[in-house]
Amino acid sequence: MADHPSTSGGETLNTGETAWKDRAALHPADGADGVFDGGKALQRGTFAEMIRHLANMPAETRRNYAIEKAGDRRYSADEAMALASHPDFPAQDPG
């Protein structure tokens, strides 16, 4: 989950770390992927920022959104909330 492929067409590296500073975007959960998917982002920032943003929403609203992380995959609101309780999750931006 943490690293981009090491070479063109390569596999992702498995460092066991979560890349909280990777670029990410908030999307509607029911949005379809496609060529123009990147233009449908509702908000952009780091992966940690997008998780914090979701965490500040009411639970019933949160399920309507997903996070797409650069070089990785789409995370549901439930997955994002599980990551928010991870021991190394940055509670706030380092500044």
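Where a number appears in this text, it was derived from the coordinates with a stated rule and is not lab data. Predicted, not measured: the structure shown is a model, and the values here were computed from it. Note: ideal-geometry Cβ built from the backbone for every residue, glycine included; neighbour counts use all protein chains shown.
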Apply the Karplus curve 6.51 cos²θ - 1.76 cosθ + 1.60, θ = phi - 60°, to the phi angles in region 64-71 and return the couplings in whole Hz, x for Gly and Pro.
7, 10, 9, 10, 9, 9, 4, x
Within region 62-95, the residues whose backbone N lies under 15 Å from a label point placed 7 Å from the Cα of Asn56 along the Cα-to-Cβ direction are 62, 91-95
Going by amide H atoms built from the backbone, whose H comes under 5 Å of the H on Gln43, apart from near neighbours?
Leu26
Mind ordering 47-58, 74-85 by average Cβ neighbours within 10 Å, highest first?
47-58, 74-85
Mind giving me the nanometre distance, one decimal, between the label points for Ala84 and Lys21, set 7 Å out from Cα along Cα→Cβ?
2.4
